[in-house]
Amino acid sequence: MYIEDIIIDGFKSYANRTVIEGFDPTFNAITGLNGSGKSNILDSICFVLGISNLSQVRVDSLQELVYKKGQAGITKASVTITFNNSDKKQSPAGYEHLDKITVTRQVAIGGRNKYLINGHNAQLSRVQDLFHSVQLNVNNPHFLIMQGRITKVLNMKPPEILAMIEEAAGTRMFEMKKNSALNTIEKKQKKVDEITKVLAEEITPTLDKLRGERTSYMKFTNNQTLIDRLQRFIIAYEYYTYEKKLESSEFESFKAEIDKGQKRKKDLTLKSTDLKAKISELAKQREKETNLEEMDQQEQKLSKELVKYQTSHKHQKESLDKEEGAINNLANTREEIKQSIQQKQKEKQSMEKKIQSIVEENQQINAELKTLQNKHNTMTTGISTGADGSSAAEDGSYTEQLMEAKKTAVNAASEYKQAEFRVKHLQSELIAKRKAITQEQTDHKKLQAEQELVEREIQQLTRSIQELQLDNSKQQELTEKKRQLEPLVSKLREEVGNASAQLSGLEFNYTDPSKSFDRSKVKGIVANLITLKDVETATALEICASGKLYNIVIEDDETGKALLSKGQLKRRVTLLPLNKVEGRSIDPQKIKNAQKIAPNGAVKPAIEFVEYDKELQPAMNFVFGSTFIATDKKYAQKAAFDSSIKVRTISLEGDEYNPAGSLTGGSRPPSGSILTQIQRLNENNRCLRENQSQLEHINFELVQLKSVTDRFKQLEQQLNIKQHAASLIAQRFQLNPHHQLLESIKEMEKSIESDTQLITNSMIKEKEALEKVKQLESQVNDFQSIRESQLKDLEKKIQITKEKCIKSNKIVKGEQVFIEKLDLEIQEMDNELENLSKETQGNQGTISKMRKDVDTLARSISETNKQIQDIRETLSEIRKDMAQKNDAIRSLHQELEKIQSEITEIDMSTEKLKSRMNRVDKDRQEASKWLEAAIKKHTWIKNEKQLFNRPGSDFDFNATDPSKANSEYIKLQEEQEKLSKTINRKVMSMFEKAEQEYQELMEKKKIIENDKSKIEHVIRELDEKKNESLRTTWKKVNKDFGSIFSTLLPGTSAKLEPPEGQNELFGLEVKVAFGDVWKETLSELSGGQKSLLALSLILSLLLFKPAPMYILDEIDAALDLSHTQNIGMMLKQHFTSSQFIVVSLKEGMFTNANVLFETKFIDGVSKVHRTVFNKKDKQVGKKK
């Protein structure tokens, strides 16, 4: 099977429908420039073969295979390949009857992907089966070597190289059979596990249960025989006892004792009447006195008031002392602040006086400096020549003609010299000022650092204020919400409390059995764990659940044992462990039958009317799972008594219909359904929790907002202080000498620049006038030398005066800063003093009021003490008199009590005797009736009564204790009653049936285990065959591999051998030798040598069992021309049994091909040109 033609439409760079036909059955080559679409032809073949690893075709998703991802108007990619299937030996399984096979794959934007085989839709699995049957597994290929992957063959791990040998050997078929057998074993094992599970969980427990029931049944029959024998013995004893009672003479003796007691009672009654009269007389005399109880109450009332007054007085006094102490502290603080203010003001005044003299001295120095500078400026301009600055013009010194002749020269020289002197002076002064700047720079830096620090603090405070984001409207809104929620929460809390009190029985209280006990394992009472879907079903559900509504749901039986033994339960409870409780549910078929007779959901299982957590399913099935609820009585009756249903059904009105035939109904409870009340309570609890949570959240936010507000005010106050400090620093900057020097330097630099320009101009004028002033040169020089000496003296004085001025300015600046600090401190103290005054005034009002309250309480205490003292004196006198009378009454009462006690004893004795007389009489009558009834009921008594109490007989009452016999009879009866409830009368037949089922399952298990052992034997045989075939293939491939590599690269050897310490079944490694030296690793080989080695391995696999087709993409990229030519010739001459499609850029490869396809990229679309090479190397071209 080989490719005849390929039709590509919209795939990658092939935008238009491109037919690539005329593929040679053996050797085809594809060439072209980079990016022209060579590899895209190979990608299209892989696309049709069903590749799943899209990275091999250089895309991330199927949509990327469409031309320009669908952006050029082309929305789908399609590739069709026609295979020649004329060679039936290489035909895919199931396609031997076809000479050609057409396979198409399409993918569209949006993810639609489909396959067609001969024009019919096919599944991916069918396409893969087609190609896998002819060794074309594109997802595990040995026939496909894509671009850059040739040398990756050598990087394979030993198991991966072994997999290539297995693919060539065809042992994958053995592996598939082995996997199939393993799947079968797994299925068999699952069946065995199922049978084992059924035996363990159903059959064996059932057998054990039936064995127990059989034992109980045998015990029941034995007990019944023993009960019959004991019953006859007990009846005989009773008959004997009743006969003896008829012969008793106790009645007359009881009557005589009663008469004697009545006579004694009459005497005692007369005596007690006299004593009562005396006691009554004394009690009347005692009551005539005064009401002692009222006075006691009055005393207690006054004592309580006294304690109340004393406590209030103590608290008020303590508060008053605290307030007075606070006032004193405030007064002390105010005095301290006043003293501090006075001290600061004195310091300020002394500083102001001190600085005034310094300022005056500073002004004098500045004036002197200014005068000297003016003299200096006057002399440098040439206006004066004397030391005092007087004019130097002497009218009679020069002639008028000389003056006119020198006028121009003098003016030019004057301008030049003036500018020069000014520049020199300014430069020297500039140097001095710069030195002064350096000296003043330390103070300036300190001031600048202080300003920067204050500005940073201002920025930090501003950011902090902005970050707070104070929102007053939000605080008002939260306060309003709180005002609305508080009464609502209070009301809900009251309703919940009332409802909880009414439903107090619905609480399960217990003590933790251990410290590590997990309370989450106790789920709660059933009634609290459900929610009604419809309130109208409450009555029906309550009747359905009955007492189970109050059962406790727990997680497991261990929790239940712990609660019962150590939980200190205060009442009897029924626990439902979720891991043990058997959930009963209605048969689904019965539910369907009920829906048929009651359409529209008129009859539903009760469990469908409640909501609960899924983990509680077993408990809910136990409570509600076996009962229907019907919307009316008609449907309830049908569901209960229909032969196909017969399930207990309850109507919404609460009427119960039992399939056994009983009907239960009547009026509803006046208090309403318990479930309705529980649901209402749960709803109120939910609302209460929600509102409480909301209220807590609001309170929390209000607290946060309050802290934010306080923080905002604090930050705002700090910001104002820092801004004021910044303004003070700015003022100090203006007075700073450094700042003044900087300004002066700027002005001096400007002056130097203008004077420099003036010097240039004056020099030009001076050059023109030099000829006219030659004769006056000596006089001018004398005049210049005199003036220069005077200027030097003047500059010295200016320098000394300037230093004094700078020092004075520094002192003035320092003192002014200190005065400003004093002003700021005095202002802060005044503010604090004002606040303390306001606080003191408020506290004084409070103290005045508290003093009045303390005085009032002191007067109340005094008056109350006096009243209590008076009452206690009166009470003391009354109590003495009453004590005497009480003693007399007490002695009479004691005597009367003795008489009454004796009368009571007589009455009780009489009643006892009468009761015994009645009982004796009654016993006689009952004995007579019982004997008659016993003889009628038990006919055997007449024949055997002569044996009653006869020694040695069955009725020997001395040998057998009747009470023990009766106890044993009762015990057997109770045991028999319990057994009768649980006994299974069909247990014998059921046990035989279960035992038979057990034997059948054991037989099935044995058969399955035998099948499993046979399959395992088959797997072992398959492994042996696979290993044998694999070894054969390895030897053949290894031989061909070495031969091909030594042919392509003479002087070398290559082989496949197992890794050290392992055999060939665990993996194979490639080894290479140059001469007789075997290389340790393949990393020593060049790129071309690695390519030849990998090709040799692939070609050796091809020789063993060739695939129908091989695709090679630029395998010669690392080879030189000679090796490329050799490989091309080898493929053409020695490998004619398979079709080769080779992509190459080297002529030595594609000139050996029978057909050459050239790709070109024109106008953004790939195109293909076909060339056929004949034996005489003539080319025939055909363009598609």
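Details
- Karplus-derived 3J(HN,Hα) values for the range 624-635, using 6.51 cos²θ - 1.76 cosθ + 1.60 with θ = phi - 60°, are 10, x, 10, 9, 8, 10, 10, 6, 9, 5, 4, 5 Hz; glycine and proline are entered as x.
- Positive-end residue of V610, H444, N362, charge dipole of the chain with Cβ unit charges: V610
- Between K523 and V553, I554, E555, the built amide H atoms are under 5 Å apart, and every one of these is 5 or more places off in sequence or on another chain.
- Counting only residues at least eight positions apart within a chain, or on another chain, the aspartates and glutamates with an alpha carbon under 19 Å from that of K76 are D9, D43, D60, E64.
- Spatial separation of Cα centroids for the range 650-664 and the range 48-119, in angstrom: 70 Å
- For the range 1031-1124: rounded, prolate or oblate by the Cα gyration tensor [a/c cutoff 1.5]: oblate
- Taken over the range 539-584, the ratio of Cα radius of gyration to 2.2 N^0.38 Å equals 1.29.
- Sites listed here are trypsin sites (Lys or Arg not before Pro) in the range 982-1036 whose DSSP assignment is loop and whose Cβ has at most 15 other Cβ atoms within 10 Å: R985, K986.
- Unit charges on C-beta of K, R, D, E only; dipole of the chain, Debye: 4200 debye
- For the range 493-583: rounded, prolate or oblate by the Cα gyration tensor [a/c cutoff 1.5]: oblate
- Pairs over the 31 Å Cα-Cα cut-off, from the set K88/K1036; K266/K929; K1014/K1071; K260/K922: K266/K929; K1014/K1071.
- The calculated pair-distance distribution of the chain uses every alpha carbon pair, bins of 10 angstrom beginning at 0, and gives 1, 5, 6, 6, 6, 7, 8, 9, 10, 9, 9, 8, 6, 4, 2, 1, 1, 1, 0, 0, 0 percent.
- Partner aspartates and glutamates whose Cα lies under 14 Å from the Cα of K750, excluding those fewer than 8 positions away in the same chain, are identified as E429.
- Cα shape, the range 182-243, gyration tensor, a/c 1.5 rule: prolate
- CD proxy at 222 nm, helix term only [per DSSP H run n ≥ 4: -39500 (n - 2.57); per residue of the chain; nearest 500]: -23000 deg cm²/dmol
- Beta bridges per DSSP with both ends in the chain, % antiparallel, nearest 5: 75 percent
- Length-normalised contact order of the chain in % [C-alpha pairs under 8 Å, at least 6 apart]: 25 percent
- Stretch in the chain that is longest and holds no chymotrypsin sites (Phe, Trp or Tyr not before Pro) that DSSP places in a loop and that have at most 15 other beta carbons within 10 Å: 399-1065
- Taken about its Cα centre, the range 493-583 carries a charge dipole of roughly 420 debye when the Cβ of each Lys and Arg holds +1 and the Cβ of each Asp and Glu holds -1.
- Across K767/K792; K446/K802; K265/K914, pairs whose alpha-carbon gap is larger than 18 Å: K767/K792; K446/K802
- Partners for K570 among aspartates and glutamates (Cα-Cα distance below 16 Å; same-chain residues under 8 apart left out): E507, D512
- Between the range 860-909 and the range 1016-1054, the alpha-carbon centres lie 126 Å apart.
- Across K344/K807; K38/K178; K304/K852; K1132/K1167, pairs whose alpha-carbon gap is larger than 31 Å: K38/K178
Values quoted throughout were computed directly from the atomic coordinates according to the rules given, and no laboratory measurement underlies them. In this text the structure is predicted, and so the values were computed from the model without any measurement. We place every Cβ from the backbone using ideal geometry, glycine too, and count neighbours over all the protein chains shown.
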